[in-house]
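What follows is a set of notes on a single structure, which appears directly below.
The values are calculated or read from the model by the stated rules, or taken from the named source; none is laboratory data. From a predicted model like this one, the values you see are computed outputs, not experimental measurements. As a convention, Cβ positions derive from the backbone with ideal geometry for all residues, glycine included, and neighbour counts pool all protein chains shown.
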Amino acid sequence: MHYDIIVIGGSYAGMAATLQLIRARRMVLVIDAGELRNRFASHSHGFLGQDGIDPGEITAHARRQLEAYPTLSWREDRAETISGQADNFTVTTADGKSYQGRRILLAIGVTDQLPPIAGLAERWGKSVFHCPYCHGYELNQGHIGIIATGPMSVHQAELLTDWGSVTLVVNQALTLDLSTRTSLESRGVAIEDTPIDRIENSADVLLADRRLLSFKGLFIASRSTPSSQIAEIAGCALEETPMGIQIRTNAEGQTSVPGIFACGDTAMAPHSVSLAVGNGAMAGAQVHRSLLWPEGTLKL
């Protein structure tokens, strides 16, 4: 079968885009590897109508709604290569199958790059977070630790003062000049310069001098990269942002390769489920419009 659109990635943005496309009665194939970015979290917050719900439950319910439409096909597989050109793309998957489509929409999500601190990765999404709007409220205005990763950590520390008392643990990740220190301290942010040895218990930071700082939760301004190299393989341009590397797109979600679009965390910043859904819905509409008016798509 030659599909109108192949959506690579079936998480929030990918499904939001797919909904627009199948409601336009287009033949859509979703290829999904089943790796939600927020799979480590037990509850999703800040998403209207789904606040506090398990991420897996949200996506399972959404998929059931999509599968009620007859023009949807879904393959649980990993897309590995894209070849061809607009109106005649071929996507090859890890199991060796090939699929043809007129348009490609990359909703591949991102992978978080965490600093190599013992005990950190195991607590990611449980007691170590990146988004205060997603997880700050549940800390009940307790003591919050910010583990520095770079300049964005200063902004994160200032922002989180609305959610509790804040300590910025510099951990040799950045240099704070006098002006920055004064500004942070004026907002009530405590600054800890001793390096971290490891994370213990739920969110306790053991320092190199053996002092233990206990926190209700920890935040990190993680850097992210696309969760697959398929965009690079297809020739799509990437760009550097304060939050990491993402696929470069224009206002219509079009990448640098005509006929290939991108949406969600892999193509925008900042990141949240709500923003991914909105961006995906818009991208889906733009992909549909490109099928009707291919000469009207913006070029990068």
Look through region 257-276, keep the residues that are buried (at least 19 other Cβ atoms within 10 Å of the Cβ) and over 11 Å from the mean Cα position of the chain (by Cα), and return whichever of them is farthest from Ala221 (Cα to Cα).
Gly259
Quick count over region 211-230, residues being in the same structural domain as Pro270 (by TED's automatic domain parsing) and without any contact (Cβ under 8 Å) to a residue 60 or more places away in the chain, is 1
Please name all residue pairs, on different chains or six or more residues apart, with Cβ atoms under 6 Å, provided the first residue is in region 141-154 and is touching a residue at least 24 places away in the same chain (Cβ under 8 Å) and the second residue is of a type in the set (Phe, Trp, Tyr) and in a strand (DSSP E or B).
Ile146/Phe219
Candidates Arg23, Arg78, Arg64 - the one that is surrounded by fewer than 16 Cβ atoms within 10 Å (Cβ to Cβ), in contact (Cβ under 8 Å) with a residue 24 or more places away in the chain and out of contact with any Asp or Glu (no Cβ under 6 Å at 6 or more places or on another chain):
Arg23
Within region 1-113, strands (runs of 3 or more DSSP E) holding 2 or more residues that are modelled with pLDDT under 95
110-113
Matching residues in region 174-197 (modelled with pLDDT of 95 or more and under 27 Å from the mean Cα position of the chain (by Cα)) number 1
Leu105: closer than 21 Å to Ala262 by Cβ, buried (at least 18 other Cβ atoms within 10 Å of the Cβ), in contact (Cβ under 8 Å) with a residue 60 or more places away in the chain and in contact with a helix residue (DSSP H, G or I) (Cβ under 6 Å, 6 or more places away or on another chain), yes or no?
yes
Quick count over region 131-148, residues being modelled with pLDDT under 95 and touching a strand residue (DSSP E or B) at 6+ places or on another chain (Cβ under 6 Å), is 2
Tell me which residues, restricted to region 204-232, are under 22 Å from His155 (Cα atoms) and at pLDDT below 95.
Ala221, Ser222, Arg223, Ser224, Thr225
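One line per residue, one yes/no per condition, for (1) crowded, with 17+ Cβ neighbours inside 10 Å; (2) free of Cβ contacts under 8 Å to residues at least 12 places away in the same chain; (3) closer than 15 Å to Phe261 by Cα:
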position: Asp4; (1), (2), (3): yes, no, yes
position: Met15; (1), (2), (3): yes, no, yes
position: Val28; (1), (2), (3): yes, no, yes
position: Leu36; (1), (2), (3): yes, no, no
position: Thr59; (1), (2), (3): yes, no, no
position: Ala68; (1), (2), (3): no, yes, no
position: Leu72; (1), (2), (3): yes, no, no
Do any residues in region 110-123 that are within 18 Å of Met243 (Cα to Cα) have Cβ atoms under 9 Å from those of residues that are aromatic (Phe, Trp, Tyr) and assigned to a strand (DSSP E or B), where the two are at least six apart or on different chains, and which pairs are they?
Asp112/Trp124; Leu114/Trp124
Filter region 241-256 down to the residues that are surrounded by fewer than 15 Cβ atoms within 10 Å (Cβ to Cβ) and more than 15 Å from the chain's Cα centre (by Cα) and list them by number.
Asn250, Ala251
Kindly indicate whether any position in region 154-161 is farther than 30 Å from Cys263 by Cβ, among the hydrophobic types (A, V, I, L, M, F, W, C) and not in a helix (DSSP H, G or I).
no
